[in-house]
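First comes the structure, then the notes that go with it.
None of the figures in this text is laboratory data; all of them are computed from the coordinates on show. Just so you know, these numbers come straight off a predicted model, no measurement behind them. All Cβ positions, glycine included, derive from the backbone under ideal geometry; neighbour counts span all protein chains shown.
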Amino acid sequence: MAVPQPVIFDLFHTLVDGANPERDRVVGEMALMVGVEPAALVAAYHATWRDRMLGWDVAETVRNLARRLGGTPTEEQVARAAAHRRELAARLLDGVAPETLALLDALRADGRPLGLISNATAETAEAWRSSALARRFDAAVFSCTVGLAKPDAAIYRTAAERLGVDPTDCVFVGDGADGELGGAAAAGMTVIRTIQHSDTDPAWDGQPLTTLDELPSLLRGE
Ligand SMILES: [Mg+2]
């Protein structure tokens, strides 16, 4: 019997809440730790999303951005702010709903290989390893680790390769941030949009999942 179709998930706003307001609040608190204006550091975080998700580490980000804003933080202050950001990442992953973990277990029980592709910064990739999500996945590809980001076809190919399958065999499930749905389709994957956490890409064609719970029966063609 052929291996059941592998499923590759996005992370934020797909498996866990993206928590955008909480992210901004935490960066504002980090600003006070390194002696710069909170709103300015929040804006600098947003402006450097691409650099951060392609590989800046947590302390490097704090140090670089604080200096750009005229701050002169000590390494101790930088370390404290970085730790605050790491705690946020761990908290967001720990916030995964029990229903979501149960869904992943159900897909695994169907024999489906599971993958993850996340445009994410270093602290998320670090927190992932000790999260309850990690052990449910056969492969997890983070932009900050591979230096590639969705919607680049290469990151989808990397995930499929790590699962030992062809991209055209895979289903990709995501909310649609960063053009990820079009990228997955261009890589040859079957695309399913979810709006459980965020209606991010309403122009995407086709019926979205209201909750991930609908996924197993959809995949079985029921
Ligand atoms: Mg997302």
* Asked: What 222 nm value per residue comes from the helices of the chain, counting each DSSP H run with n ≥ 4 as -39,500 (n - 2.57) and dividing by all residues, nearest 500 deg cm²/dmol?
  -> -14000 deg cm²/dmol
* Asked: Using alpha carbons only, how many degrees (0 to 90, rounded to 10) separate the axis of helix 75-94 from the longest principal axis of the chain?
  -> 20 degrees
* Take the Cα pairs of the stretch 49-123, get the Kirkwood Rh, then feed it into Stokes-Einstein at 4 °C and 1.567 mPa s and tell me D in µm²/s. => 88 µm²/s
* Structure fact -> In a Gaussian network model of the chain with springs linking alpha carbons closer than 10 Å, the residue among Glu37, Glu75, Glu180 that fluctuates most is Glu75
* Please find, in a Gaussian network model of the chain (springs between Cα atoms separated by less than 10 Å), the residue of Ala139, Ala109, Ala90 whose mean-square fluctuation is greatest. => Ala109
* **Amide proton proximity set for Phe9, modelled H, under 5 Å, gap of 5+** => Gly115, Leu116, Ile117, Val173
* Structure fact -> Log10 I(q)/I(0) at q = 0.35 Å⁻¹ for the stretch 80-122, from Debye over equal alpha-carbon scatterers, is -1.11
* Asked: Could you put Tyr156, Tyr45 in order, starting from the residue whose Cβ has the fewest other Cβ atoms within 10 Å?
  -> Tyr45, Tyr156
* Bins of 10 Å from zero: percent of alpha-carbon pairs in the chain -> 8, 33, 34, 17, 7, 1, 0
* Asked: If one puts a single equal scatterer on every Cα of the stretch 20-93 and applies the Debye formula without solvent, what log₁₀ I(q)/I(0) results at q = 0.23 Å⁻¹?
  -> -1.04
* Karplus-derived HN-Hα couplings along the stretch 5-22 (A = 6.51, B = -1.76, C = 1.60, θ = phi - 60°), whole Hz, x at Gly and Pro -> 4, x, 10, 10, 9, 7, 9, 6, 6, 10, 8, 9, 4, x, 6, 4, x, 5
* Asked: So how do 198-208, 119-129, 78-88, 16-26 stack up, highest first, on mean other-Cβ count within 10 Å?
  -> 119-129, 78-88, 16-26, 198-208
* **Electrostatic dipole magnitude of the chain [Cβ: Lys, Arg +1; Asp, Glu -1; Cα centre; debye, to 20]** => 540 debye
* Structure fact -> Counting sequence-distant residues (5 or more places) and residues on other chains, those with an amide H built under 5 Å from that of Val191 are Phe172
* What net charge is computed for the residues neighbouring Trp204, neighbours being all others with C-beta under 11 Å from the C-beta of Trp204, Lys and Arg scored +1, Asp and Glu -1? -> -4
